[in-house]
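Structure record follows, encoded as structure tokens.
The values are calculated or read from the model by the stated rules, or taken from the named source; none is laboratory data. Not measured: the values here are computed from a predicted model. We place every Cβ from the backbone using ideal geometry, glycine too, and count neighbours over all the protein chains shown.
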Amino acid sequence: MALNLAILVALAGIAWKLHFQWAGARERDATVIDVVLKSAHIPPPPPVPMVKPVAPANYVEVAQKMLFAADRNPNVILDPVVPPKPKPVPPFPTVHGVMIWGDVPPTIILSESSQEQKSYRVGEKIGDFTIAKITNEEVTFAWDGKEFRKKLDELIDNTPPPAQMAAPQKHVAQSSGVQGSSLSQQDKQGPGVDIGGDMKGCQPGDSSPAGTVADGMKKIVMATPFGSSCRWEKVR
């Protein structure tokens, strides 16, 4: 009986405890769930920032440091510029004499490789050269915007004639007799190429004395630092 009574008391206590908790829960629900909440004002969300377009310049460093694309480096290495080779200077003509006399403009006798001798003055051209200045010691040539001063003795052809050239001439002279010899000697006595100013140059091998008159011209021989200067002047 006592045990049963104790069990009944315990059950009564448990039931009262459950009722008390249930009543508290209903009271809490009434104070929380059934309360009408005031509506709060919610501001609109801020605008989304505009995304800037992609600028390639912002990624220059990426391109420059790309290990497998070295050609994208803006520092372009140019090929070395090879300067053009200067034009070779043409061969200078050969000097056969110079004439500076009184009021006559300075005249120089020149010839190219296989051409005959001719007289030239300042401003005239021989081949690719233009004669810029003539003195009794040197001549100045102009070519391609440059000037070349040459001593006269540098341009004199000092090459001796080949020996085989003399043998045929000697043979011809012997075979032709006295008449051929006199004709050859006569050809070398007269005036040579016209050098202007009513004057002519002397022929190579001319052995006639100074003062000889031939074809209306008189032979004049003068001493110069380069040897004897020979010319023929018109008899006035």
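Could you grab the pairs with beta carbons closer than 6 Å, sequence gap of 6+ or different chains, first residue in segment 84-104 and farther than 18 Å from Q117 by Cα, second one in a loop (DSSP other than H, G, I, E, B)?
Hits for this filter: P90/D128; V104/G197.
Would you call T130 closer than 18 Å to V193 by Cβ and modelled with pLDDT of 85 or more?
Answer is no for this residue.
Please give the strands (runs of 3 or more DSSP E) falling wholly within segment 86-129 in which 1 or more residues are aliphatic (A, V, I, L, M) and either crowded, with 16+ Cβ neighbours inside 10 Å or in contact with a helix residue (DSSP H, G or I) (Cβ under 8 Å, 6 or more places away or on another chain) (or both).
Per the criteria, 94-101, 104-111.
Hey, does segment 2-16 have a residue that's of a type outside the set (S, T, Y), outside any helix (DSSP H, G or I) and either in contact (Cβ under 8 Å) with a residue 12 or more places away in the chain or exposed (fewer than 10 other Cβ atoms within 10 Å of the Cβ) (or both)?
Filtering segment 2-16 down to residues of a type outside the set (S, T, Y) leaves 2-16.
Remaining after also requiring outside any helix (DSSP H, G or I): none.
Taking every residue of segment 2-16 in turn, none turns out to be of a type outside the set (S, T, Y), outside any helix (DSSP H, G or I) and either in contact (Cβ under 8 Å) with a residue 12 or more places away in the chain or exposed (fewer than 10 other Cβ atoms within 10 Å of the Cβ) (or both).
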